[in-house]
1. Take the alpha carbon atoms of the stretch 136-172, find their center, do the same for the stretch 193-225, and report the distance between the two centers in whole angstrom.
2. How large is the translational diffusion coefficient of the stretch 1-72 in µm² per second when you combine the Kirkwood radius over alpha carbon pairs with Stokes-Einstein at 25 °C and 0.890 mPa s?
3. Once the Cα atoms of the stretch 164-215 are picked out, what are the Rg and Dmax in Å?
4. Rounded to the nearest whole Å³, what is the per residue volume of the convex hull around the Cα atoms of the chain?
5. Putting +1 on Lys and Arg Cβ atoms and -1 on Asp and Glu Cβ atoms, find which of Gly119, Ala131, Ala181 reaches farthest to the positive end of the dipole of the stretch 84-210.
6. If I fit a long axis through the Cα atoms of helix 14-24 and take the longest principal axis of the Cα atoms of the chain, what angle between them do I get, 0 to 90°, rounded to 10?
7. What is the spread of the Cα atoms of the stretch 203-289 along each of their three principal axes, largest first, in whole Å?
8. Which lysines have a Cα lying under 19 Å from the Cα of Lys287, excluding residues fewer than 8 positions away in the same chain?
Amino acid sequence: MIPGPFTYHRPSRVSDAVSLLAALGDGARPLAGGHSLIPMMKLRMAAPEHLVDLGGIAELKGIAEDGGTVVIGAGVTIAELVRSDLLAAKLPVIRETALLIADPQVRYKGTLGGNVANGDPGNDMPALMQALGALYVLMGTTGERRVAARDFYRGAYDTTLAPGEIVGAIRIPVPPAGSGAAYEKLKRKIGDYATAAAAVVLTMYGDTVINCAIALTNVADRPLFAKAAGAEAVATALYPITVKRVAEAAMAITDPAADGRGPAEYRREMAGVVVARALLKAASRAKGA
Ligand SMILES: Cc1cc2nc3c(=O)[nH]c(=O)nc-3n(C[C@H](O)[C@H](O)[C@H](O)COP(=O)(O)OP(=O)(O)OC[C@H]3O[C@@H](n4cnc5c(N)ncnc54)[C@H](O)[C@@H]3O)c2cc1C
């Protein structure tokens, strides 16, 4: 299939990109790696009249530390996340998750900004960003604002991005000492989107969990921050009965679609399985931290 006609723009500054997007209105879309948008255009499920390519904007690149926060430019590719020494040292769960996305070809082109801005519930980074407590830096013609990943998603392909705004960067607090994190993804084959996946970030004092954040991928029309499930884990030593309660609390907020990945009941059940696995893996990492 061939996409409909469009005009291609390649600004070199964020200010020019957001001015273009604001001026061109609904008919314009930002283009990053193109590995979600171009397939949609080929299927004629998206038909933008203007593509504003963010790929030539140096301000959107780079991974840096700012105090206790890691700041990742929206234009950083998934492959660059895998290769980053800073992330390997400070937030290794990002590399773990990145390696579960698609295949090397997609990872070379796809960007973190595109992955979190897309609003596809099957994208893996949004749930991880919710569990890590990340903030998205949104850039528009009137300046910047920060929105928590936990507040960003409203439904399938529906986010709090205002017209003309882009995700410019992602700010991620480095978890304190004694923390562990894990991303567990069940998929049918290499390169597939999740049947269900879970991100867990927790902090332990000895054998006791003192903080726990859990989020889920592809078991609803948006990534789900499972607040009550995380709370079930706090002040416990994660005995099997607790792990079961946490998994059940997470399953309770899911609303999966029945599709080629299985019936809704199966996917809900699998959400509980990946939560339990991620919880135990994160705890063992926290104890070794
Ligand atoms: C075969 C295949 C398998 C895949 N498997 C997975 C998978 O398992 N897990 C997964 O998470 N993803 C998967 N993907 C998606 C891939 O990771 C995408 O590339 C990614 O989700 C979108 O990033 P992108 O840079 O390609 O964005 P694009 O395709 O360029 O853009 C996606 C959307 O986000 C908007 N956008 C892009 N950047 C910004 C920005 N900075 N600010 C505001 N809006 C922006 C665009 O306008 C568009 O609406 C797969 C893709 C393919 C082709």
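Every number here is computed from the coordinates shown, using simple stated rules; none is lab data. Remember, predicted model here, so these are calculated numbers, not experimental data. Using ideal geometry, Cβ is built from the backbone for each residue, glycine included, and neighbour counts are taken over all protein chains shown.
1. Spelled out, the Cα-based centre of one part sits 21 Å from the other.
2. Details: Rh = 13.4 Å.
Estimated diffusion coefficient is 183 µm²/s.
3. 15.3, 48
4. Working: hull volume 34.5 nm³, N = 289.
That works out to 119 Å³ per residue.
5. Gly119
6. Between the helix axis and the principal axis of the chain, the angle is about 70 degrees.
7. Between the extreme Cα coordinates on each principal axis of the stretch 203-289 lie 42, 22, 18 Å.
8. Qualifying lysines at Cα under 19 Å: Lys90.
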